[in-house]
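Scroll down for the structure; my scribbles are underneath it.
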Amino acid sequence: MEDSPPATKVSMGGFFTKKLAVAVFIALSVGVTVFHLLILSGIIPFDMVWGGRLKSASEMVAFEVPSIALNLLFVVIILLIAGYIPSPLSPKVLRVVAWIMTGFFMLNTLGNLVSNSGLERIIFTPVTILLAACSYRLTWGVKRS
């Protein structure tokens, strides 16, 4: 009797590695942060974002500043999960935070899909899908404690 060839298991983890998820997440987050800075500086009109619902420059600042801060926080969290900076948080906490980020980006994707802004629907829907996928990938990149 001949030996049958070993079964091969194809998994997303083989291609979509933790390292790739971190790199894609950081690259997209840097791009999104630059975009928000361009809005804040007035180079990009604020009526193209936030679903086209902002009515004044003060409303724009109230939305853009926290958005930039949140994006930077997400990058720090990703760097903690990846082990590039020492984490004061347990792996269990980082795993929960990665799940929360996944949910946040999934909800953000839904918001982009129903946005009044074509820019958000066409460009930022795929961006938030990728951010959600990277966050999800990193939920199983955190060691369990």
- request: Test L20 against the criterion of being of a type in the set (A, V, I, L, M) and surrounded by 13 or more Cβ atoms within 10 Å (Cβ to Cβ), and give yes or no.
  value: no
message: Looking only at the stretch 93-120, count every residue that is assigned to a helix (DSSP H, G or I), modelled with pLDDT under 90 and exposed (fewer than 14 other Cβ atoms within 10 Å of the Cβ) and tell me the total.
response: 1
Index of the failed condition, Y84 passing every other in (1) modelled with pLDDT under 95; (2) under 13 Å from the mean Cα position of the chain (by Cα): (2)
- line: In the stretch 121-133, anything surrounded by 14 or more Cβ atoms within 10 Å (Cβ to Cβ) and within 13 Å of V24 (Cβ to Cβ) is listed as V127, T128, I129, L130, L131, A132, A133
- request: Please name all residue pairs, on different chains or six or more residues apart, with Cβ atoms under 8 Å, provided the first residue is in the stretch 68-94 and is in contact (Cβ under 8 Å) with a residue 60 or more places away in the chain and the second residue is β-branched (V, I, T) and surrounded by fewer than 18 Cβ atoms within 10 Å (Cβ to Cβ).
  value: I78/I26
message: Give all pairs with beta carbons closer than 9 Å in which a residue from the stretch 34-47 that is on the phi > 0 side of the Ramachandran plot meets a residue that is surrounded by fewer than 12 Cβ atoms within 10 Å (Cβ to Cβ) and assigned to a loop (DSSP other than H, G, I, E, B); count only pairs at least 6 apart in sequence or on separate chains.
response: none
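The values are calculated or read from the model by the stated rules, or taken from the named source; none is laboratory data. Bear in mind that the values here come from a model prediction, so they are computed numbers and not experimental data. Note that we place each Cβ from the backbone using ideal geometry, even for glycine, and neighbour counts take in every protein chain shown.
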